[in-house]
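Since the structure comes first, as structure tokens, the remarks are kept for the end.
The values are calculated or read from the model by the stated rules, or taken from the named source; none is laboratory data. Bear in mind the structure is a predicted one, so any value in this text is a computation, not a measurement. Here the Cβ positions follow ideal geometry from the backbone for every residue, glycine too, while neighbour counts run over all protein chains shown. Just the protein is used for accessible areas: all its heavy atoms, side chains included, with ligands, DNA and RNA removed. Shrake-Rupley method; radii C 1.70, N 1.55, O 1.52, S 1.80 Å.
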Amino acid sequence: MHAQTPSDPAPRFSFPPLITVQQHILSEQRRFQGVSGEFSWLLSGITLATKLIEAKVRRAGLSDILGVQGDVNVQGEIQQKLDVYANDMLLHALSVRESVAVMASEENEHPILAGGSPNAKYIVVFDPLDGSSNIDVNVSVGTTFSILKRTGPLNQKATADEVLQAGSQQIAAGYVLYGSSTMLVYTAGNGVHGFTLDPAVGAYVLSHPNIRIPDSGPYYSMNEAHLEDTPPAYQRYVAGLRSGKYGRKYASRYIGSMVSDFHRTLLKGGVFLYPPNTERPEGKLRLLYEANPIAYIAEHAGGMASDGRQRILDIKPRSIHQRTSLVVGGPAEMQAFERIMAET
Ligand code: AHM
Ligand code: MG
């Protein structure tokens, strides 16, 4: 008989365990059937790309010193526009994930069929850098993404039309906000979780587990320059928010960068709206890669999202760059909105 090797007790730490997004995805994978290793590998492609994007966004202010976009920089490289760079990073990181069959981006007119395995089963749709016109003035921007499963037979080549699925078919969605810190917020259908990028070690660390949107919050958020040009029901709704008709007098906050405006709405409560207006009767935001991921996250955090006629997630898309109006927020604000719409 061998003598047992003595072992030291497991170390005890006085700080809470650090959970990275990769650990979190893996633990979800163990707990839920249907969440496969391929899926976590795919998500790691998104997190890698967003770290590369964040590094570039953080240096954006230096472009005035190092050369403007389109110029040749000090290394003799042509400076790319940041949204083009962000798109390239996502396309690159995802095209080497064998499980990705199709990618669709705000920056590409048509969906891109990835060359992965013939059994690749995922479709990834994204806006690589939403609100990029704000970069020049140092305002936060974001990346939004949505993950769907292929609808066609797996042993046949994917078709671009498979991207055109209602948002309710998403299996995961998220965004990254490049703000005063960089945060990833995602859901794979089991709670909404927020991770803050620790720039020292380059890891997204769980900072906001199980985010729930407050039942009611202090802010409404819209571009009020368009208010007179929006349908009367929206005007009545905003008047009600301002006047205290829905239980409180709402204050106004508008950044003009959807991820930032939604992120505040998610954490503090309230409502974000981009209604139709005379210039944009369909609304401005894109259904597949802007409204759908935001709506999916909102619903999984206890909120709601509507285009004024129906649930965002029920809209069957006709084209990949289709626009929609969007009203998204907490239950109290959304129920008030739905009552107003029902009266019209
Ligand atoms: P973009 O995809 O061209 O960046 O436009 C989308 C952005 C959103 O981030 C934001 O909610 C909206 O445009 C702001 O629009 P406006 O300037 O009309 O208020
Ligand atoms: Mg956009």
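Take the range 237-268 and flag every residue that is within 20 Å of S180 (Cβ to Cβ) and either of a type in the set (V, I, T) or more than 13 Å from ligand 1 (Cβ to nearest atom) (or both). So that I can check it myself, show each step before the final result.
Restricting attention to the range 237-268, the residues satisfying the condition of being within 20 Å of S180 (Cβ to Cβ) are 253-268.
Listed by number, the residues that qualify are I255, V259, T265, L266, L267, K268.
Do we find that V327 is open to solvent by less than 10 Å² (accessible area, probe 1.4 Å), touching a Leu at 6+ places or on another chain (Cβ under 6 Å) and either within 11 Å of ligand 1 (Cβ to nearest atom) or not in a loop (DSSP other than H, G, I, E, B) (or both) in this structure? Spell out how you get there, then give the answer.
Numbers: open to solvent by less than 10 Å² (accessible area, probe 1.4 Å): yes; touching a Leu at 6+ places or on another chain (Cβ under 6 Å): yes; either within 11 Å of ligand 1 (Cβ to nearest atom) or not in a loop (DSSP other than H, G, I, E, B) (or both): yes.
Here the answer is yes, as V327 does meet what is asked.
Could you go through the range 306-317 and let me know if any residue there is within 15 Å of ligand 1 (Cβ to nearest atom), within 24 Å of R242 (Cβ to Cβ), in contact with a helix residue (DSSP H, G or I) (Cβ under 6 Å, 6 or more places away or on another chain) and open to solvent by less than 50 Å² (accessible area, probe 1.4 Å).
no
Consider G116 carefully, then state whether it is in contact with a strand residue (DSSP E or B) (Cβ under 6 Å, 6 or more places away or on another chain) and part of a loop (DSSP other than H, G, I, E, B). Before you say what the answer is, go through the steps one by one.
Working: in contact with a strand residue (DSSP E or B) (Cβ under 6 Å, 6 or more places away or on another chain): yes; part of a loop (DSSP other than H, G, I, E, B): yes.
It is true that G116 is in contact with a strand residue (DSSP E or B) (Cβ under 6 Å, 6 or more places away or on another chain) and part of a loop (DSSP other than H, G, I, E, B).
What number of residues within the range 271-296 are of a type outside the set (F, W, Y) and away from ligand 2 (no atom under 16 Å from the Cβ)?
Taking the range 271-296 and keeping what is of a type outside the set (F, W, Y), we get 271, 273, 275-288, 290-295.
Narrowing further to those that are away from ligand 2 (no atom under 16 Å from the Cβ): 271, 273, 275-279, 281.
Total meeting the criteria: 8.
Can you tell me which residues in the range 90-107 are surrounded by fewer than 24 Cβ atoms within 10 Å (Cβ to Cβ) and not in a strand (DSSP E or B)?
Matches in the range 90-107: L91, H92, A93, S95, V96, R97, E98, S99, E106, E107.
When you check S140 against the structure, is it surrounded by fewer than 18 Cβ atoms within 10 Å (Cβ to Cβ) and either within 10 Å of the chain's Cα centre (by Cα) or within 16 Å of ligand 2 (Cβ to nearest atom) (or both), yes or no? Before the answer, list the steps.
Values: surrounded by fewer than 18 Cβ atoms within 10 Å (Cβ to Cβ): no; either within 10 Å of the chain's Cα centre (by Cα) or within 16 Å of ligand 2 (Cβ to nearest atom) (or both): yes.
So S140 fails the test.
Which residue out of I112, I135, I123 is within 14 Å of ligand 2 (Cβ to nearest atom) and on the phi < 0 side of the Ramachandran plot? Give the steps one after another, and end with the answer.
Numbers: I112 fails: within 14 Å of ligand 2 (Cβ to nearest atom); I123 fails: within 14 Å of ligand 2 (Cβ to nearest atom).
That would be I135, the only listed residue that is within 14 Å of ligand 2 (Cβ to nearest atom) and on the phi < 0 side of the Ramachandran plot.
Among the numbered criteria (1) more than 22 Å from L164 (Cβ to Cβ); (2) part of a helix (DSSP H, G or I), which single criterion is violated by N87?
If we test N87 against (1) more than 22 Å from L164 (Cβ to Cβ); (2) part of a helix (DSSP H, G or I), just (1) comes out false.
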